[in-house]
Amino acid sequence: MTNGSALSAIQEKLTGKRLNYKEIFSIMDEIAHQRLGTVLTTYFAASGYAKGFSNEELYFLTEAMINTGEKLEFKGIVADKHSIGGVPGTRTTLIVVPIIASAGFTIPKSSSRAITTAGGTADDMEVLCPVTFNKNQIYKIVEKTKACIVWGGGVDIAPADDELIKVEEPLGLESFDKILVSIMAKKIAFGSNHIVIDLPYGKHVKVHSLHDAKLVKGKFEYLAEKFSVKIKVLIHNTEEPAGRGVGPLLETKDALMVLEQSKDRPLDLEQKALNIAGLLLDICLKDSNQKLNDNITKEFGDGYNWAAYILSSGHAYKKMKEIIDAQGGNSDIISTNMKPGKYFKHILSKKHGVIKSVNSNNITLIAKILGAPFSKKSGIYFYKKIKEEVYVGKPIFTLFSEKEHNLKEAIDSLYNFPILEY
């Protein structure tokens, strides 16, 4: 039976009133223990989307979400990163985590499954190894490798967030405030104290304008100060995927190609991962001992160059193999052996021209029709990006699926949901 104070608090929020910590905790506690029910949980999620929350309410929500679940604790500097979703084909985590761990910093990465895209980090990592572990198993993996890339739902971390995601997923909507709370609650509950937030904005991603991105950045910084953690928010305009693959297997293959330093690796994805890893190393170094700072400054100059060395030298790839092995996967896997779905269709250019724009929303929709993220070998592989030239009769992208009828439906849907403009 629903707690009366939780019900009253939801009614208050629906009318636009601000809630105190006790009221917010009562809602989070009911949701976390699955006592609120789908209808009332949806009403609460909708109230946040429509009315928004004050900064103080955001703090209360984050605190309550943390306190109604398990917490993990690690010693010293604990690094983490998070990319605000909405950009398909941009799987930087699988590159950043082994770079940071190779540098000697602890980075236990709790990741989500897909909410608004065709694959979350947990969906992608699951291509390589299991991602569902309990608290003690995570401690053992991190003790062995200084890192992990696991599904947050495997541990009772901020359980209210997982219930809220379930009611938001059918609409494909998350409010900025909900994104903030979800990220910060899980980072802090997982023991992180040095965090980089990758915040893209653009026409077809979650945050549409620089103005909105700056507002979100300010709220992240407010919450970081309240919880005494170090944070850097990396704002940038994004109009297309950084990688060439969309869907769990194809995105993971892109990341492995970068780690392997393959000649035909996606360089935009590599650059994006290095930017994030470099910034994260910089903020970790600021709280490290002077000897390490002096050595890194003398040899590399800054975190970015240090990250670039770790990647190019093969240390990051070696570390990723260790993580895969510790999580029970096959660490001998190589990108060339990763084959997408057996049903495919090359989409050919109908004219000569230059790619003008990419519609990320339609990419996600088509990839989901193909079967992603549940069908891990389904997705889209791009041969051309913005400003690149296309020629009549030459492939611009390929659709892959594990089921023939999904492929046919995706092909038919391209007319109404075009991916590229050229």
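In table form, for the structure just shown:
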{"quantity": "Residue within segment 299-308 that is surrounded by 19 or more Cβ atoms within 10 Å (Cβ to Cβ), part of a loop (DSSP other than H, G, I, E, B) and in contact (Cβ under 8 Å) with a residue 12 or more places away in the chain present", "calculated": "no"}
{"quantity": "Every pair of residues 6+ apart whose Cβ atoms lie under 6 Å, when the first sits in segment 276-287 and is free of Cβ contacts under 8 Å to residues at least 40 places away in the same chain while the second is among the aliphatic types (A, V, I, L, M) and open to solvent by less than 40 Å² (accessible area, probe 1.4 Å)", "calculated": "278/307"}
{"quantity": "Every pair of residues 6+ apart whose Cβ atoms lie under 8 Å, when the first sits in segment 348-371 and is more than 10 Å from residue 422 (Cβ to Cβ) and open to solvent by 10 Å² or more (accessible area, probe 1.4 Å) while the second is part of a helix (DSSP H, G or I) and hydroxyl-bearing (Ser, Thr, Tyr)", "calculated": "365/413; 369/413"}
{"quantity": "Sole residue being out of contact with any Gly (no Cβ under 7 Å at 6 or more places or on another chain), under 17 Å from residue 186 (Cα atoms) and either basic (Lys, Arg) or assigned to a helix (DSSP H, G or I) (or both), chosen from 31, 10", "calculated": "31"}
{"quantity": "Any pair with Cβ under 8 angstrom, 6 or more apart, that starts in segment 56-68 at a residue that is in contact (Cβ under 8 Å) with a residue 60 or more places away in the chain and over 12 Å from residue 20 (Cβ atoms) and ends at one that is acidic (Asp, Glu) and open to solvent by less than 30 Å² (accessible area, probe 1.4 Å)", "calculated": "58/177; 65/161"}
{"quantity": "Filter result for the condition that a residue is out of contact with any Asp or Glu (no Cβ under 6 Å at 6 or more places or on another chain), closer than 30 Å to residue 74 by Cα and not in a helix (DSSP H, G or I), over 157, 183, 235", "calculated": "235"}
{"quantity": "Residues (surrounded by fewer than 24 Cβ atoms within 10 Å (Cβ to Cβ) and either in a helix (DSSP H, G or I) or aromatic (Phe, Trp, Tyr) (or both)) located in segment 91-124", "calculated": "105"}
{"quantity": "Residue within segment 343-360 that is part of a helix (DSSP H, G or I) and not charged (D, E, K, R) present", "calculated": "yes"}
{"quantity": "Which numbered condition residue 162 misses (of (1) open to solvent by 50 Å² or more (accessible area, probe 1.4 Å); (2) without any contact (Cβ under 8 Å) to a residue 24 or more places away in the chain)", "calculated": "(1)"}
{"quantity": "Which listed residue is free of Cβ contacts under 8 Å to residues at least 24 places away in the same chain and either touching a Cys at 6+ places or on another chain (Cβ under 7 Å) or of a type outside the set (Lys, Arg) (or both), from 264, 254, 268", "calculated": "264"}
{"quantity": "Enumeration of residues in segment 367-392 that are in a loop (DSSP other than H, G, I, E, B), among the small types (Gly, Ala, Ser) and in contact with a helix residue (DSSP H, G or I) (Cβ under 6 Å, 6 or more places away or on another chain)", "calculated": "371, 378"}
{"quantity": "Residue in segment 202-217 that is modelled with pLDDT under 95, in a strand (DSSP E or B), open to solvent by 10 Å² or more (accessible area, probe 1.4 Å) and more than 30 Å from residue 331 (Cβ to Cβ) present", "calculated": "no"}
{"quantity": "Qualifying residues in segment 47-90 (those that are within 25 Å of residue 134 (Cα to Cα) and touching a Gly at 6+ places or on another chain (Cβ under 6 Å)) - the one surrounded by the fewest Cβ atoms within 10 Å (Cβ to Cβ)", "calculated": "73"}
{"quantity": "Pairs with Cβ under 8 Å, 6+ apart, first in segment 125-140 and farther than 29 Å from residue 257 by Cβ and open to solvent by 70 Å² or more (accessible area, probe 1.4 Å), second modelled with pLDDT under 95 and of a type in the set (Gly, Ala, Ser)", "calculated": "134/154"}
{"quantity": "Residue that is farthest from the chain's Cα centre (by Cα) [pool: residues in segment 34-58 that are assigned to a loop (DSSP other than H, G, I, E, B) and within 24 Å of residue 224 (Cβ to Cβ)]", "calculated": "54"}
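The values are calculated or read from the model by the stated rules, or taken from the named source; none is laboratory data. Just so it is clear, the structure is predicted and the values come from calculations on it, not from any experiment. Backbone-built Cβ (ideal geometry, glycine too); neighbour counts: all protein chains shown. Only protein heavy atoms, including side chains, enter the accessible area calculation; ligands, DNA and RNA are left aside. Shrake-Rupley method; radii C 1.70, N 1.55, O 1.52, S 1.80 Å.
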